[in-house]
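Novice: The structure follows.
The values are calculated or read from the model by the stated rules, or taken from the named source; none is laboratory data. Note that this is a predicted model, so its numbers are computed, not measured. Here Cβ is always computed from backbone atoms with ideal geometry, including for glycine, and neighbour counts include all displayed protein chains.
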Amino acid sequence: MSTFVLVPGFWLGAWAWDEVAAPLRAAGHRVHPVTLPGLAERSGESAASGLEGQIADLTDLLVREDLWDVVAVAHSGAGAPVCGLADRMPERIRRVVYLDSRPLADGTSVYDLWEPPFRETADATVVDGRLPMPSWDFLSSQGAGQDGLDEARLARIRARATPHPEGAFRDRLRLTGAGAALPQAMVFCSFPLARVRALIDSGHPGFAALAAPNWELRELPTGHWPMFSRPADTAALLAELAEV
């Protein structure tokens with residue numbers, strides 16, 4: 001049995017993991033899907049919705065539920081708070097899994113990783129400190145494709161999405177390096193793994209760190225939202241990656 005903490009990406013709450021959590025629980029695993037402060041049913045908790053507040057919320061969860069040997073899963077923009085969690089509580093983490101996501105370096109923000117069109121859209125559309133979910137066409141143009149999702153599913157996701165707290169993507173992550181040596185995995189969904197391996201082999205600075213022995217690279221071909229497009233396969237892969 002493994003213990004999973006599932007952290008969804010931008011605009012999503014714990015509900016996003018429903019179809020992944022069910023098969024994991026059926027297999028006997030402990031599963032804790034997370035809604036971060038400022039999102040979904042916690043949208044009123046704006047005071048704690050900055051990046052450090054979200055990291056603190058995750059560390060509080062581990063302490064409150066007495067969770068150890070955790071497989072911490074970050075989807076998309078949740079890479080920042082999960083990276084912070086691993087840095088703050090490495091002794092409680094078995095493995096970190098980045099699901100179509102990535103860790104951040106010390107002193108950087110999610111905003112730093114975005115291409116100029118995404119930054120410009122964010123700057124122009126933030127209202128009252130929150131970023132509404134852009135159109136599906138725009139997200140696809142920025143690499144967040146919707147392969148495997150029909151119009152009905154896309155409509156349901158958008159209906160439940162909530163604007164994302166601005167601090168969560170503008171705040172800079174501060175790391176001590178305590179979690180750097182943990183077993184980690186990156187699951188590529190919307191970017192071909194063969195291309196990633198070629199970039200690693202070429203010494204590309206953005207991918208060179210993935211050659212370290214504590215990293216495992218896997219592929220789950222689909223769009224950027226595998227918990228919706230391939231939930232059963234996502235659950236099976238997470239269970240497999242838990243066996244470090």
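Novice: Residues being within 21 Å of the chain's Cα centre (by Cα) and either surrounded by fewer than 17 Cβ atoms within 10 Å (Cβ to Cβ) or free of Cβ contacts under 8 Å to residues at least 60 places away in the same chain (or both): count how many of those fall in region 149-160.
Specialist: The number of residues fulfilling the criteria is 6.
Novice: A further question follows. If you take the residues in region 188-242 that are among the charged types (D, E, K, R) and touching a residue at least 24 places away in the same chain (Cβ under 8 Å), which one is surrounded by the most Cβ atoms within 10 Å (Cβ to Cβ)?
Specialist: Arg230
Novice: Test each condition in (1) out of contact with any helix residue (DSSP H, G or I) (no Cβ under 7 Å at 6 or more places or on another chain); (2) assigned to a helix (DSSP H, G or I) for Ala144 and report the one that comes out false.
Specialist: (2)
Novice: Going through Leu173, Leu193, Leu182 one at a time, which residue ends up being touching a strand residue (DSSP E or B) at 6+ places or on another chain (Cβ under 7 Å) and farther than 22 Å from Asp233 by Cβ?
Specialist: Leu182
Novice: Right, here's the next one. Only one residue in Val110, Val73 is within 17 Å of Trp17 (Cβ to Cβ), among the hydrophobic types (A, V, I, L, M, F, W, C) and surrounded by 15 or more Cβ atoms within 10 Å (Cβ to Cβ), so which one is that?
Specialist: That would be Val73, the only listed residue that is within 17 Å of Trp17 (Cβ to Cβ), among the hydrophobic types (A, V, I, L, M, F, W, C) and surrounded by 15 or more Cβ atoms within 10 Å (Cβ to Cβ).
Novice: How many of the residues making up region 195-244 are more than 16 Å from Gln146 (Cβ to Cβ) and either part of a loop (DSSP other than H, G, I, E, B) or among the aliphatic types (A, V, I, L, M) (or both)?
Specialist: 28
Novice: Name the residues in region 25-41 that are without any contact (Cβ under 8 Å) to a residue 40 or more places away in the chain, surrounded by fewer than 19 Cβ atoms within 10 Å (Cβ to Cβ) and farther than 14 Å from Ala72 by Cβ, would you?
Specialist: Arg25, Ala26, Gly28, Glu41
Novice: Of the residues Ala80, Ala22, Ala86, which is under 23 Å from Gln142 (Cβ atoms), aliphatic (A, V, I, L, M) and either free of Cβ contacts under 8 Å to residues at least 24 places away in the same chain or assigned to a helix (DSSP H, G or I) (or both)?
Specialist: So the residue among Ala80, Ala22, Ala86 that is under 23 Å from Gln142 (Cβ atoms), aliphatic (A, V, I, L, M) and either free of Cβ contacts under 8 Å to residues at least 24 places away in the same chain or assigned to a helix (DSSP H, G or I) (or both) is Ala80.
Novice: Filter region 35-67 down to the residues that are out of contact with any Asp or Glu (no Cβ under 8 Å at 6 or more places or on another chain) and assigned to a loop (DSSP other than H, G, I, E, B) and list them by number.
Specialist: Of everything in region 35-67, those that are out of contact with any Asp or Glu (no Cβ under 8 Å at 6 or more places or on another chain) and assigned to a loop (DSSP other than H, G, I, E, B) turn out to be Leu39, Ser43, Gly44, Glu45, Ser49, Glu65, Asp66, Leu67.
Novice: Would you be able to tell me the number of residues in region 173-185 that are under 19 Å from Ser109 (Cα atoms), at pLDDT 95 or above and crowded, with 17+ Cβ neighbours inside 10 Å?
Specialist: The number of residues fulfilling the criteria is 3.
Novice: Go through (1) surrounded by 17 or more Cβ atoms within 10 Å (Cβ to Cβ); (2) part of a helix (DSSP H, G or I); (3) of a type in the set (Phe, Trp, Tyr) and name the single condition Phe138 misses.
Specialist: Unmet condition: (1).
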